[in-house]
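> Please find one structure pasted underneath; my questions will follow.
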Amino acid sequence: MRVEGLVTQPEPAAIVSTTVPTLERAMKRLRELGLISTGYRSLIIRDLPALSAVAEDPEGALGR
């Protein structure tokens, strides 16, 4: 699934009440896990079921 025309990082960080560096770390980890790919204002979801599992248990899946 490809999502294009995304907003800049400060906007989603503000929506979820976090900082840009925290958002960047989370996105980096999701890329490392092979769940997403990112490009200029685009996001490719590579494994939607696994990404859903991360949403259910982010600390376990992201290794926090």
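> Identify which of the listed values of Rg and Dmax of the Cα atoms in Å was calculated from the structure shown: (i) 11.8, 37; (ii) 11.5, 30; (iii) 10.6, 27.
Identified label for the calculated read-out: (ii).
> I would also like to ask the following. If you count only protein heavy atoms with a 1.4 Å probe, what accessible area per residue comes out for the chain, rounded to a whole Å²?
With all protein chains present, the chain gives 71 Å² per residue.
> In sequence order, what are the phi-derived ³J(HN,Hα) couplings for region 54-59 according to the Karplus relation 6.51 cos²θ - 1.76 cosθ + 1.60 with θ = phi - 60°, rounded to whole Hz, with x for glycine and proline?
For region 54-59, the Karplus-derived couplings read 5, 4, 6, 9, x, 5 Hz, x marking Gly and Pro.
> What does the net charge come to around Gly34 if you take all other residues with beta carbon closer than 14 Å to its beta carbon, with K and R at +1 and D and E at -1?
Value of the local net charge: +2.
> Along the Cα→Cβ direction, 7 angstrom out, place labels at Asp47 and Thr22. What is the inter-label distance in nm?
Inter-label distance under the simple model: 2.5 nm.
The values are calculated or read from the model by the stated rules, or taken from the named source; none is laboratory data. The structure displayed is predicted, hence computed values, not measured ones. Glycine also receives a Cβ, built like all others from the backbone with ideal geometry; neighbour counts cover every protein chain displayed. Accessible surface is based on the protein model in full, side chains and every heavy atom, while ligands, DNA and RNA are left aside. Shrake-Rupley method; radii C 1.70, N 1.55, O 1.52, S 1.80 Å.
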